Structures are given as C-alpha cells and as structure tokens.
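Worksheet for the structure shown next.
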Amino acid sequence: QVQLVESGGGLVQAGGSLRLSCAASGSGFSINVMGWYRQAPGKQRELVAQITRGRITNYADSVKGRLTISRDNANNTVYLQMNSLKPGDTAVYYCLVAGSVYYWGQGTQVTVSS
C-alpha cells in the first residue's frame, strides 16, 4: 500500500506563485511516473504535468512556461512550482503516482483570485 501526502495549496492573487508537494510512502512499490492533475468545479479531471523516473516531462498546453514539475527520487516526492497563476488555474490539484498500479492523493485546493 502507498500513502500520498499533498501540501502547498492555498489562496493567491493572479500573477502569484505556489508550490505543491506530494510525498509517497510505503513499501514494495516501484514508482515510475509521478504527476499532477486538477479538477475545477463542473469540469473533468485533467492532466497538468507528469514526470517519469528519468525526468522526462509532459505538460498541458495551458500551463507550459508557467508551471514546472520536478521530483526527488530518493524521497519519492513530486513538486509542482506554479508561477504566473491565473484565475483559470483554480481547481483541486491531485497527485498521481504510478508503477504497476496507480494511486491518487487526497487533493489540495488552489484558488487564484483576480
């Protein structure tokens, strides 16, 4: 079993920054891909960014150049640095870790005010 603990969400003004963290703990699970998804009210959950163990990254077009994903393999932690935030970034952000199976974090609210 894997436990994921997310942190770093909050309220920020447009143009501001936040940094999300997601730490995975547990045994017997080899993590390949780590990623962040988000879900705004009334919308489907969507990919924000993902990173492989070899640090190959993939971003949604809407966040390229503003959000940066990184990971610490030694500590099984993934980060999302969010700069130049927009009101459209407001959502619950979920961490995902995947190996042979996948696990979701509990979600953290990000609210960007105009």
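The values are calculated or read from the model by the stated rules, or taken from the named source; none is laboratory data. Because the structure is a prediction, the values reported are computed rather than measured. Please note: Cβ atoms are built from the backbone with ideal geometry, for glycine as well, and neighbour counts cover all protein chains shown. Keep in mind that these areas ignore ligands, DNA and RNA; they rest on the heavy atoms of the full protein, side chains included. Shrake-Rupley method; radii C 1.70, N 1.55, O 1.52, S 1.80 Å.
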Between Ser7 and Asp61, what FRET efficiency comes out of the Förster formula 1/(1 + (r/R0)^6) with R0 = 22 Å and r the beta carbon distance, rounded to 0.05? 0.25
Ala14 to Lys43: extension gain in nm, 0.36 nm per residue of separation minus the Cα-Cα distance? 8.4 nm
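Would you mind telling me the share, in percent, of accessible area of the chain contributed by carbon and sulfur at probe 1.4 angstrom? Please report the intermediate quantities before stating the final value.
Details: 2820 of 5960 Å².
Ligands and nucleic acids excluded, carbon and sulfur reach 47 percent.
Any chance you could run the full-extension gain for Asn83 through Gln106? It's 0.36 nm times the residue separation minus the Cα-Cα distance, nm to one decimal.
Numbers: separation 23, 0.36 × 23 = 8.28 nm, distance 2.26 nm.
That pair, Asn83 and Gln106, stretches by 6.0 nm at full extension.
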Given contacts defined as C-alpha pairs under 8 Å and at least six residues apart, what's the relative contact order of the chain, whole-number percent? 36
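Restricting everything to alpha-carbon atoms, can you work out Rg to Rh for segment 1-109 with a Kirkwood hydrodynamic radius?
Values: Rg = 13.2 Å, Rh = 13.9 Å.
That ratio is 0.95, to two decimals.
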Per residue value of the accessible surface for segment 6-114 (all protein chains in place, 1.4 Å probe), Å²: 51
